[in-house]
Ligand code: GRF
């Protein structure tokens with residue numbers, strides 16, 4: 001099957017670039033993957049340049065142009081539906097989504113902690129500073145609860161005496177590992193769709 005993907009991002013875009021490197025126009029198992037939409041809510045995001053290297057123009061939908069979260073989400077839903085994407089991937093997309101989005105779009109999110117711990121925007125710092133001995137990353141289905149949907153994939157590591165910089169680098173390396181793998185697993189039907 002041809003699997004069409006929409007990738008939503010807000011900034012650096014290293015996970016977007018990783019998806020493009022690992023999945024875009026690649027046949028893996030019984031599926032061929034195509035990123036049909038790169039969507040960003042910030043016009044200066046570095047990820048826009050990363051997408052260009054693959055010949056992809058990002059669609060910019062600036063949340064500041066909309067009066068409410070719902071109006072912004074309506075446009076997101078429209079753009080994703082128009083693209084024909086089978087799945088939306090939130091890869092560093094730093095917006096809280098309303099039911100307008102979550103009820104209409106099948107989406108997964110990447111989060112830099114072992115959920116359900118350390119939800120929200122400061123997960124890396126909070127998990128580094130906690131007295132837990134392990135940390136990790138998660139990919140989960142998106143539902144109406146922030147960072148709260150069913151977990152698809154997780155990977156953990158021992159914190160040992162890592163500096164904050166090394167800790168953060170480890171988190172990003174693991175994110176790059178598990179996000180494309182989660183997408184492949186979903187379409188190889190190794191992962192159950194959420195109810
Ligand atoms: C990742 O750490 C992701 O988990 C978080 O935002 C970061 C995005 O990084 N939600 P990048 O823009 O893909 O480099």
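The values are calculated or read from the model by the stated rules, or taken from the named source; none is laboratory data. Just so it is clear, the model here is predicted, and its values are computed rather than measured. When we count neighbours, we look across all protein chains shown, and the Cβ atoms used for this are built from the backbone with ideal geometry, even at glycine.
Listed by position, the helices (runs of 4 or more DSSP H) enclosed by the range 43-107 that each have at least 2 residues that are closer than 19 Å to residue 18 by Cα, within 16 Å of the ligand (Cβ to nearest atom) and within 17 Å of the chain's Cα centre (by Cα) are 47-52. Does the range 120-149 hold any residues that are away from the ligand (no atom under 11 Å from the Cβ), part of a loop (DSSP other than H, G, I, E, B) and closer than 21 Å to residue 9 by Cα, and which are they? If the condition is that a residue be away from the ligand (no atom under 11 Å from the Cβ), part of a loop (DSSP other than H, G, I, E, B) and closer than 21 Å to residue 9 by Cα, then 142, 143, 144, 145, 146, 148, 149 are the ones that fit.
Taking the condition within 16 Å of the ligand (Cβ to nearest atom) and surrounded by 17 or more Cβ atoms within 10 Å (Cβ to Cβ), does residue 3 pass? It is false that residue 3 is within 16 Å of the ligand (Cβ to nearest atom) and surrounded by 17 or more Cβ atoms within 10 Å (Cβ to Cβ). Filtered by the rule that a residue be in a loop (DSSP other than H, G, I, E, B) and surrounded by fewer than 21 Cβ atoms within 10 Å (Cβ to Cβ), the range 6-40 gives 10, 11, 12, 25, 29, 30.
Of 116, 194, 180, all but one fail to be at pLDDT 95 or above, within 17 Å of the chain's Cα centre (by Cα) and part of a loop (DSSP other than H, G, I, E, B); the exception is 116. Listed conditions (1) part of a helix (DSSP H, G or I); (2) closer than 24 Å to residue 101 by Cα are all met by residue 174, apart from (2).
Residue by residue through the range 41-58, note down the ones that are within 23 Å of residue 78 (Cβ to Cβ) and loosely packed, with under 15 Cβ neighbours inside 10 Å. Result: 43, 57.
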